[in-house]
Amino acid sequence: MKITFRILWGLAILLLAAIIVAVAIGPGMAERSMNKVTGQDLLSISPAAQALHDSLQVADWHADSLLWNRNLNERSDRGQVDIPRLQEGNVALQVFTVVTKTPAGLNYTHNSADSRDNVTLLALAQLWPMRTWQDLTERALYQSEKLHRFASDAPDSLMLVKNQADLTRLLTQRAAGKPLVGGMLGTEGSHALAGDLAQIQRLYDAGFRMMSLHHFFDNALGGSLHGSGKAGLTDFGRAAIAEMNRLGVIIDVSHSSPAVVREALSLSKTPLVVSHTGTHGHCASPRNIPDALMEDIARGGGLVAIGFWSGAICDASPRGIARALKAAVERLGEDAVALGSDFDGAVATSIHAGQMAQITQALLDEGVGADVIRKVMGGNQLRFLQAQLPPQ
């Protein structure tokens, strides 16, 4: 009996040690493998390009940094975004989008909503609160709490932007020389609503000002671009759009099926955003909706934000990003194009947030004029937000 007890006790200690090691290093190892910065074909930044970049108000529509177990107020040697690197890259505003569920075997063509969920495992490994383990709304709220805490801990570096007045204060303080970064909250898929319209108000009250309708699978609102049926909106989806319009929530159709995008264009009283994508004519990837729909979004006053990863733009080098932006401008117009990096979204990028001047240099090298660079690097996004965010 003593020998058996000792064996069991020894196995228990080994199991506990394995759990501790998995919690301590597992999430970091996972992020290092998924959010790589490749440094592919980096450019030398000329004094003229740096001077132009320093004069910009850079803004980005999409980063999934709140998913990971890092203090964003501290510079990290992993991932692609933190506040020090955003400051280094002269980023005025970063939209932080919260991921609440991703299917095992994730791909761009077909995913089942019933697939094993990767985020559950990550939440457990990162010791998220128990309330988040099975509740997608709580996962979104927990990530919003993290951003609020980061802003509270470093008010001279990070400011939450929830309305037009906040945005004006942010830009005024930056104009006075303060290295302040604005942070705005968005969702990555409205499965975080759990099929309940009342959750839109709850998320709005927590600071969310942009909500994407879908991610990699179909949900209660309708069909995903990467789901099973590529269906249009459900009755719940139509009601959700009306409620988002009522509250002043910006609607993001990045992962929605073409049928959903067409319906959303006809139903929404406010312009749509595609927060991270490429144009199909430039990069014929199943990740990108048809360019004709993007043209409709642009004609309606919406924005199309170009990503920094190869799955959307085919070439993820700084020159590749610049060429994807230039192609989007030529297709959609200079007032309809923005940045949508997908930083920290389980994609490899050539640059991190501190290296945004690489894009400015590459755009200049591609013959893009300074006025257009100002627009696509952030001016269009800030103008859009000043019009679409709630006044107060």
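All of the numbers you see were taken from the coordinates with simple rules; none came from a lab. As the structure is a prediction and not an experimental result, all values here were calculated from the model. Cβ atoms come from the backbone with ideal geometry, glycine included; neighbour counts cover every protein chain shown.
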Given (1) 26, 57, 16, 0; (2) 23, 46, 30, 2, 0; (3) 29, 58, 10, 2, 0 as possible values of P(r) over Cα pairs in 20 Å bins from 0, in percent, the one from the coordinates is (3)
Leading residue at positive end of dipole, the chain (Cβ point charges), from Val372, Ala231, Leu72
Leu72
In what sequence do Ser350, Ser55, Ser254, Ser76 fall when counting other Cβ within 10 Å, fewest first?
Ser55, Ser76, Ser350, Ser254
Those residues of the stretch 141-176 whose amide nitrogen sits under 19 Å from the label point placed on Asp205, 7 Å along Cα→Cβ
141-149, 162-163
With everything on Cα atoms, drop me the angle between helix 164-175 and the longest principal axis of the chain, reported from 0 to 90° to the nearest 10.
80 degrees
Summing +1 per Lys or Arg and -1 per Asp or Glu among the other residues with Cβ less than 12 Å from Gly227's Cβ gives -1
Expected vector for the stretch 296-312, Karplus 3J(HN,Hα) from phi with 6.51, -1.76, 1.60 and θ = phi - 60°, integer Hz, x for Gly and Pro, equals 5, 4, 4, 5, x, x, x, 10, 10, 9, 8, x, 10, 10, 5, x, 9
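Quick one: of Lys146/Lys375; Lys162/Lys230; Lys230/Lys269, which pairs are farther than 27 Å apart, Cα to Cα?
Working: Lys146/Lys375 30 Å; Lys162/Lys230 33 Å; Lys230/Lys269 23 Å.
Listed pairs above 27 Å: Lys146/Lys375; Lys162/Lys230.
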For the stretch 248-262, just list the computed ³J(HN,Hα) in residue order, Karplus coefficients 6.51, -1.76 and 1.60, θ = phi - 60°, integers in Hz, with x standing in for Gly and Pro.
x, 7, 6, 9, 10, 10, 3, 10, 7, 5, x, 5, 5, 4, 4
Most fluctuating residue of Ala220, Ala63, Ala305 in a GNM of the chain with Cα springs under 10 Å: which is it?
Ala220
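If you put +1 on each Lys and Arg Cβ and -1 on each Asp and Glu Cβ, how big is the dipole of the chain around its Cα centre, in Debye rounded to 20? Could the numbers behind the result be given before it?
Details: 34 positive and 37 negative charges, 124 e Å.
In debye, rounded to 20, the chain gives about 600.
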Kindly write out, for the stretch 140-149 in residue order, the coupling ³J(HN,Hα) from the Karplus curve 6.51 cos²θ - 1.76 cosθ + 1.60 (θ = phi - 60°), rounded to whole Hz, with x marking Gly and Pro.
5, 5, 4, 5, 5, 4, 4, 5, 4, 5
Selected from Met29, Met210, Met377 as most flexible by GNM, with the chain as the system and alpha-carbon contacts under 10 Å:
Met29
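How do Ser190, Ser285, Ser224, Ser44 line up, fewest other C-beta atoms within 10 Å first? Mind dumping the intermediate values first?
Numbers: Ser190 31, Ser285 16, Ser224 26, Ser44 7.
By the 10 Å Cβ count, ascending, the order reads Ser44, Ser285, Ser224, Ser190.
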